[in-house]
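Peer 1: The structure under discussion is supplied below as structure tokens; questions concerning it will follow.
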Amino acid sequence: MLDSKRLSAFFHNLFYQGFLYAIANYRIHSPIPLEGEENWQFWTKPSSFGTEWVARNTPPKSTRKRYLNDLLKQDHANGIEAHYDISNDFYSLFLDTKYKFYTCAEFKNDLETLEEAQENKADYLVKLLNLNGDEKVLDLGCGWGAMLKFLRDSGHHGKLTGFTLSKDQLIYIQNTFDFDVSLTNFITEPFRDQPYHRILSIGSLEHVKPQEVKHMHQKIYDSLTPGGLAVHQFFSLTKEVYPASMVLIQLFFPGSLLVPHAVHVEAAQNAGFKITHDSIHDYKPTLRAWYERLVANKEQALDLVGLEIFNRYMTFLPIAWLFFAQKESDLHRMVMQK
């Protein structure tokens, strides 16, 4: 029997948010859990030219721009809380077991575990940070404290500070570590206890709205000591502004909108930074690894967060994989020197 409410929502989404959003939301609200392999293939297998055209061109660009600009008016915390404040235990089902990194890992070969790949990533970033051991480090959007923990485990004894907008992440850090972490909107609020020798962000610049990019890079620059480094891992758009995928992503990160990479580069340079490193890395193996772990832990996930949220993440991970596979975005690691 057809679910008339679900079908009505599909046609409403199709008209206002476009084909991709409508299909994704329809599947998220399936009355049964999405099946692992079928769901992965549904999103990642090649589409016909006609399907691809409809997916990329609905809603029309002018409509997408108005819709997204309206959503950007909401507070940053709304999108962060919607995505992260659902259950720390749920995230533990598919993230690496040692650090809980929810950011792109570095798989050196197909035999490495997610745990090994995440430590590879952290090692890479530590080399970019070029630390002596006593620097004061600020982590913008510090998640569950993964990088702060890695720095401490690596022998860093300088002060470690972190900002997060997730209440669940803050509680986890406070109950687990002794880091100086606060519930702070690093985009809109002043950086306390500045200056810092190093400012780090992993998967946080994605939440900086287009109109905030220039100010954000200037604030980071102004908060560093002379010669200090900003090290960022983030992804940015490679092609058009306001693509259909940015409407789709509102299902998972409401109020977020990526900008082209050149916008970040220009803003950083205008702030006074010298960019000394900019490399591109592959996010797809990490997304696949998370997906496989979520599928393997389906029953526990359903017990923790229920059907709709389980299906939401089952939908989000292959869509994110496709986003990178189609080169709509690249994952960058950058070093900016003051």
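Just so it is clear, none of the values below were taken in a lab; they were calculated from the coordinates. Everything numeric in this text was worked out from a predicted model, so none of it was measured. Please note: Cβ atoms are built from the backbone with ideal geometry, for glycine as well, and neighbour counts cover all protein chains shown.
Peer 1: Going by how many other beta carbons lie within 10 Å of each one, how would you line up H281, H207, fewest first?
Peer 2: H281, H207
Peer 1: Continuing with this model, one more query. For I309 and N270, what is the calculated FRET efficiency with R₀ set at 35 Å and r taken between the beta-carbons, to the nearest 0.05?
Peer 2: The value I calculate is 0.30.
Peer 1: Further question on the same structure: Give me the aspartates and glutamates in straight-line cross-link reach of K214: C-alpha distance below 13 Å, same-chain residues under 8 apart excluded.
Peer 2: Cross-link targets: D222, E266.
Peer 1: Also, quick follow-up: Let me check I've understood the local charge: for G79, count other residues with C-beta under 15 angstrom from its C-beta, Lys and Arg +1, Asp and Glu -1. What total comes out?
Peer 2: -3
Peer 1: With respect to the cross-link table entries K65/K219; K45/K98; K127/K209; K108/K167; K5/K98, which display a Cα-Cα separation exceeding 31 Å?
Peer 2: In this structure, K45/K98; K108/K167; K5/K98 lie more than 31 Å apart at Cα.
Peer 1: For each of T225, T161, count neighbouring Cβ atoms within 10 Å of the residue's Cβ, then give the residues from fewest to most.
Peer 2: Ascending Cβ contact count within 10 Å gives the list T225, T161.
Peer 1: State, to one decimal in nm, how far the label point of R152 lies from the label point of S48, with both points 7 Å from Cα in the Cβ direction.
Peer 2: Result for the modelled spin labels: 5.6 nm.
Peer 1: Now for a separate question. Using a Gaussian network model of the chain whose springs link C-alpha atoms within less than 10 Å, name the residue from I80, I202, I32 with the highest mean-square fluctuation.
Peer 2: Of I80, I202, I32, the most mobile in the Gaussian network model is I32.
Peer 1: Also, quick follow-up: Compute the distance in nm between two label points, each set 7 Å from the Cα along the Cα-to-Cβ direction, one at K65 and one at E38.
Peer 2: Here the modelled spin labels are 4.1 nm apart.
Peer 1: Convert each backbone phi in the range 193-201 into a coupling constant with the Karplus relation 6.51 cos²θ - 1.76 cosθ + 1.60 (shift: θ = phi - 60°), then list the ³J(HN,Hα) values in order as whole Hz, x for Gly and Pro.
Peer 2: 6, 7, x, 10, 7, 9, 10, 10, 9
Peer 1: HN-Hα J couplings of the range 181-191 from phi, Karplus 6.51/-1.76/1.60, θ = phi - 60°, integer Hz, Gly and Pro as x?
Peer 2: 10, 9, 7, 9, 7, 5, 7, 9, 9, x, 7
Peer 1: Any chance you could give the angle, 0 to 90 degrees and rounded to 10, that helix 4-16 forms with the longest Cα principal axis of the chain?
Peer 2: Around 60 degrees separate the two axes.
Peer 1: I need to check one value: relative contact order of the chain, counting alpha carbon pairs closer than 8 Å and at least 6 residues apart, in percent.
Peer 2: Relative contact order for the chain comes out at 24 percent.
Peer 1: Using a Förster radius of 41 Å, what is the FRET efficiency between D193 and V241 based on their Cβ-Cβ separation? Nearest 0.05, please.
Peer 2: 0.70
Peer 1: Pulled fully out, how much extra length does the chain show between Q74 and D3, if you take 0.36 nm times their separation in residues and subtract their Cα-Cα distance?
Peer 2: Here the segment from Q74 to D3 would lengthen by 22.4 nm.
Peer 1: Decide, for the range 16-79, between rounded, prolate and oblate: order the square roots of the alpha carbon gyration tensor eigenvalues as a ≥ b ≥ c, take rounded if a/c falls under 1.5, and otherwise choose prolate if a/b is larger than b/c, else oblate.
Peer 2: It is oblate, given that a/c is not under 1.5 and a/b is not larger than b/c.
Peer 1: To the nearest µm²/s, what D does Stokes-Einstein give for the chain at 20 °C and 1.002 mPa s, using the Kirkwood radius over alpha carbon pairs as Rh?
Peer 2: 103
Peer 1: Is the shape of the range 157-281 best called rounded, prolate or oblate, per the rule: a/c under 1.5 gives rounded, else a/b larger than b/c gives prolate, else oblate, with a ≥ b ≥ c the square roots of the Cα gyration tensor eigenvalues?
Peer 2: Oblate is the answer for the range 157-281, as a/c is 1.5 or above yet b/c matches or exceeds a/b.
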